[in-house]
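I have placed the structure first, in the form of structure tokens, so that the comments after it can refer back to it.
The numbers here are math on the coordinates, done by the rules we state, and not lab data. Not measured: the values here are computed from a predicted model. Note that we place each Cβ from the backbone using ideal geometry, even for glycine, and neighbour counts take in every protein chain shown.
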Amino acid sequence: MKANDRKVLIGIDTGVNTGFAVAVDSGNGGELRKVESLSITQAMSGVTELINLHGKENLKLFIEDARLRTWFTGGREKAQGVGSVKRDAQIWEDWCKEQELNYLMVHPKANATKTKAISFKKITGWAGRTNEHARDAAMLVFGRFARF
């Protein structure tokens, strides 16, 4: 299977620290290739690089849509952070439409968020270092090839 013929899933956990994960179809299911935390512009550049390598038709983005979250704890600062993350979700959706990308905005309840590092390694087999945002992004794409 040529690199540019492979199906690629990209997970995005919106926020100041954007979780960015890439899973590539290895012929026998998906394999995580990147699990990291970037700025929003670095993540968009990463998507663009993947488009150039694999083509738009072989990519699908799964983006956590914080606009759908209705439960919050914390004070005013937390509420401001939530507003920022919601705005980032809107930016991602607008950008995907402008780029004519295949994407899905995912309700936060539909993702296995806040997975601890040890559990994440056991579930995914990913041995590299991660943070909460990167793990949340990876969980958006892990195991999804059966449904792509």
Checklist entry - If amide H atoms are built 1.01 Å from N in the plane of the peptide, which residues on other chains or at least 5 residues away come under 5 Å of the amide H of Gly11? => result Ala21, Val22, Ala23, Phe62
Item to check | Placed amide H near Tyr103: partners under 5 Å, 5+ positions off or other chain | outcome: Leu61
Next on the checklist: Using a 10 Å cut-off around each Cβ, can you sort Asp94, Asp136 from fewest to most neighbouring Cβ atoms?
Outcome noted: Asp94, Asp136
Item to check | C-alpha center-to-center spacing [the range 9-50, the range 117-148] in angstrom | outcome: 11 Å
Checklist outcome for this item: Residue by residue through the range 37-46, the couplings from Karplus 6.51 cos²θ - 1.76 cosθ + 1.60 with θ = phi - 60°, in Hz, x for Gly and Pro, are 10, 9, 6, 4, 6, 5, 5, 5, 5, x
